[in-house]
1. Based on the alpha-carbon gyration tensor of the stretch 18-133 and its eigenvalue square roots a ≥ b ≥ c, which shape applies: rounded if a/c is under 1.5, prolate if not and a/b is larger than b/c, or oblate?
2. Run the numbers for Tyr72 and Leu119: contour at 0.36 nm per residue of separation, minus the present Cα-Cα distance, in nm.
3. Classify the stretch 50-117 as rounded, prolate or oblate from the Cα gyration tensor: take a ≥ b ≥ c as the square roots of its eigenvalues, call it rounded if a/c is under 1.5, otherwise prolate when a/b beats b/c and oblate if not.
4. Too long at a 28 Å Cα-Cα cut-off: which of Lys96/Lys116; Lys68/Lys116; Lys96/Lys133; Lys26/Lys118; Lys76/Lys116?
5. Quote to one decimal, in nm, the extra length available between Asp55 and Arg30 on full extension: 0.36 nm per residue of separation minus the C-alpha distance between them.
6. For Glu41, what accessible surface area do you get with a 1.4 Å probe? Give it in Å², rounded to 10.
Amino acid sequence: MKKIIVPALCSLLAMLAFINPSPQLKGKWRFAGGIYNGKPEGSTEGYLLQRVYTDQGFNAYLLASGSKPEKYQSGKYVLSGSKYTETETYSMQPSKLTNKPVLYQLSRRKDTLILKGKLPTGMQVEEYWVRVK
């Protein structure tokens, strides 16, 4: 009996890993830079950008020293394997992305999320978000 259970358990774990290999998003993530149309850009200077993810949505905040956090974006997302579809539902500034789903490929290196995709404007983006502990 023991000989059957161990391989069966290993097979089950392997299948579960294949079905849902995506990283968990729930929690706080800080913007760490990106690549936009092939041009690398570092993180912001003088302020921080932070996203707070729930099971199906997010709120994004601008954090400046001595000021209250200011929400600049909200949205919902669907995560299916490495496919991440984000729909902005609120933007502090006028945005062509509001209520338009944007598909990204999502990957993770240690505590860094990498979102790679093409915006409806045609811009190629690759953003890095580091988990806040």
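1. On the way: a/c = 1.31, a/b = 1.22, b/c = 1.08.
Here the stretch 18-133 falls in the rounded category.
2. Details: separation 47, 0.36 × 47 = 16.92 nm, distance 1.83 nm.
Extra length available between Tyr72 and Leu119 comes to 15.1 nm.
3. Oblate shape, in that a/c is at least 1.5 and b/c is the bigger or equal ratio.
4. Working: Lys96/Lys116 19 Å; Lys68/Lys116 30 Å; Lys96/Lys133 32 Å; Lys26/Lys118 24 Å; Lys76/Lys116 17 Å.
Violating the 28 Å limit, Cα to Cα: Lys68/Lys116; Lys96/Lys133.
5. Working: separation 25, 0.36 × 25 = 9.00 nm, distance 1.76 nm.
Here the answer is 7.2 nm.
6. Here the accessible area works out near 110 Å².
The values are calculated or read from the model by the stated rules, or taken from the named source; none is laboratory data. It should be emphasised that the depicted structure is a prediction, and the values quoted were computed from it without experimental measurement. Accessible surface areas use protein heavy atoms only, side chains included; no ligands, DNA or RNA. Shrake-Rupley method; radii C 1.70, N 1.55, O 1.52, S 1.80 Å.
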